[in-house]
Amino acid sequence: MYFSLSKFQSNLKGAFGKIVKRTILIFLVGLGLNLFSHLMKYEFSEFENFRILGVMQRLALAYGFGSIIGLVVSKKYLLPVSLLLLTGYSILLVLTDSLTLSDNNIVAVVDRVILGESHLYKQKLPDGSFIYFDPEGLLSTVGCIAQVIMGFYIGQMIIEFKQDPERIARNLFVFGSLALFSGYLLSYGLPINKKLWSASYVLVSSGAGALLLGLLVWSIDINRQRNWCTFFEIFGINPLYLYVQAALLAPIFSKIGLKETVYENILAPLAGNYTGALLWAILFVLVNWIPGYYLYKKKIYIKL
């Protein structure tokens with residue numbers, strides 16, 4: 001985001017229009033995926049239970065608000081603003097006793113009031129009962145926005161020291177270690193919870209991501225070891241398209257019974273339930289990789 005938006009630093013009006021347009025488009029793509037999945041499962045019925053939120057919708061909101069904050073706020077205040085958002089969100093969760101999964105959780109209450117219960121994700125509890133709790137809820141997007149700002153900060157740092165990859169790797173290792181340690185330390189009072197997108201989850205996942213990125217800079221940019229990463233680069237070239245493709249193929253495979261046929265008749269008997277499930281996941285990734293490889297070879301880049 002920092003790479004693509006840095007050229008708009010002197011033209012905030014132009015950047016704002018681009019951000020709003022892209023936010024709306026990504027959100028609509030998410031709604032389209034939900035609609036397709038709904039039609040695969042219910043055909044043209046039960047639209048009163050149509051889910052509004054989702055992964056792409058979460059991405060859209062986090063991108064939109066995170067981009068605007070990243071452009072408006074001075075570079076030196078990016079991390080403080082991110083931590084301030086996490087602190088405020090964490091205080092709200094603690095004061096409303098919302099660290100557990102329940103109907104009274106403030107995240108669920110906000111979504112229920114704004115979107116309506118029937119348009120939320122139906123979460124199954126350990127005792128077999130259900131509650132309406134969306135893992136990509138509106139309020140929990142605050143934590144995601146804070147994480148986006150951290151990424152914006154990392155992007156700014158990479159550009160600033162682009163002629164010195166060793167310094168980039170060193171800074172990433174330091175940032176990642178501090179974030180990871182802080183997140184695990186915070187988890188004693190504020191559990192690592194992806195569905196709530198808690199502050200501890202943000203710090204731990206951001207720290208792990210920064211450490212991995214530092215390792216990649218060390219391997220690819222410093223030691224020039226690039227041949228091994230072509231497989232993964234194909235996903236990085238067209239991430240939005242390949243995500244949408246996978247989201248379309250998954251319900252199609254379930255609808256025609258392909259997943260059940262391959263897993264139950266071949267993979268599970270051959271390797272057992274758990275290993276069979278892993279093999280299906282790997283196979284599904286490879287199936288999605290093949291069109292990505294074609295786009296990669298043809299230098300076709302699909303983006304919004």
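Inspect region 171-193 for any residue being under 21 Å from the mean Cα position of the chain (by Cα), in contact (Cβ under 8 Å) with a residue 12 or more places away in the chain and open to solvent by 70 Å² or more (accessible area, probe 1.4 Å) and give the result as yes or no.
yes
Please state which one of PRO251, PRO291 is farther than 24 Å from ALA60 by Cα, open to solvent by less than 50 Å² (accessible area, probe 1.4 Å) and assigned to a helix (DSSP H, G or I).
From the options PRO251, PRO291, the qualifying one is PRO291.
Of (1) in contact (Cβ under 8 Å) with a residue 60 or more places away in the chain; (2) open to solvent by 60 Å² or more (accessible area, probe 1.4 Å), ILE234 satisfies all except one. Which?
(2)
Based on this model, can you work out whether LEU39 counts as assigned to a helix (DSSP H, G or I) and either open to solvent by less than 80 Å² (accessible area, probe 1.4 Å) or under 22 Å from VAL202 (Cβ atoms) (or both)?
yes
In region 21-49, what residues are more than 16 Å from TYR121 (Cβ to Cβ) and within 19 Å of the chain's Cα centre (by Cα)?
Of everything in region 21-49, those that are more than 16 Å from TYR121 (Cβ to Cβ) and within 19 Å of the chain's Cα centre (by Cα) turn out to be ARG22, THR23, ILE24, LEU25, ILE26, PHE27, LEU28, VAL29, GLY32.
Output the qualifying pairs, or none if there are none: Cβ atoms under 9 angstrom, residues six or more apart or on different chains, first residue in region 6-27 and within 15 Å of PHE152 (Cβ to Cβ) and without any contact (Cβ under 8 Å) to a residue 12 or more places away in the chain, second residue open to solvent by less than 80 Å² (accessible area, probe 1.4 Å) and among the aliphatic types (A, V, I, L, M).
Once the first residue is within 15 Å of PHE152 (Cβ to Cβ) and without any contact (Cβ under 8 Å) to a residue 12 or more places away in the chain and sits in region 6-27, its partners that are open to solvent by less than 80 Å² (accessible area, probe 1.4 Å) and among the aliphatic types (A, V, I, L, M) give LYS7/ALA15.
Sort through GLN225, GLN245 and tell me the only one that's polar (S, T, N, Q), outside any helix (DSSP H, G or I) and either modelled with pLDDT of 90 or more or within 26 Å of the chain's Cα centre (by Cα) (or both).
GLN225
So if I check each of GLY214, GLY209, GLY236, which one is at pLDDT below 95 and either assigned to a helix (DSSP H, G or I) or of a type in the set (A, V, I, L, M) (or both)?
Answer to the selection: GLY236.
Going residue by residue through region 140-151, is there one that turns out to be touching a helix residue (DSSP H, G or I) at 6+ places or on another chain (Cβ under 9 Å) and closer than 15 Å to SER102 by Cβ?
yes
Just give me the residues in region 103-139 being within 20 Å of LEU35 (Cβ to Cβ) and touching a helix residue (DSSP H, G or I) at 6+ places or on another chain (Cβ under 7 Å), in sequence order.
SER118, LEU120, TYR132, ASP134, GLU136, GLY137, LEU138
When you look at ASN193, is it part of a loop (DSSP other than H, G, I, E, B) and closer than 30 Å to SER140 by Cα, yes or no?
For ASN193, the condition - part of a loop (DSSP other than H, G, I, E, B) and closer than 30 Å to SER140 by Cα - is met.
List the pairs whose first member sits in region 282-304 and is under 20 Å from ARG22 (Cβ atoms), whose second member is charged (D, E, K, R) and part of a helix (DSSP H, G or I), and whose Cβ atoms are under 9 Å apart, counting only residues at least 6 apart or on separate chains?
That search, which allows pairs on different chains as well, returns LEU304/LYS21; LEU304/ARG22.
Does region 22-29 include one or more residues that are of a type in the set (D, E, K, R) and exposed (fewer than 13 other Cβ atoms within 10 Å of the Cβ)?
Looking for residues that are of a type in the set (D, E, K, R) and exposed (fewer than 13 other Cβ atoms within 10 Å of the Cβ), one finds none in region 22-29, hence no.
The values are calculated or read from the model by the stated rules, or taken from the named source; none is laboratory data. Since we're looking at a predicted model, the values are computed, not measured. Ideal geometry is used to build each Cβ from the backbone, glycine not excepted, and the neighbour counts take in all protein chains shown. All accessible areas refer to the heavy atoms of the entire protein, side chains included, with ligands and DNA or RNA removed. Shrake-Rupley method; radii C 1.70, N 1.55, O 1.52, S 1.80 Å.
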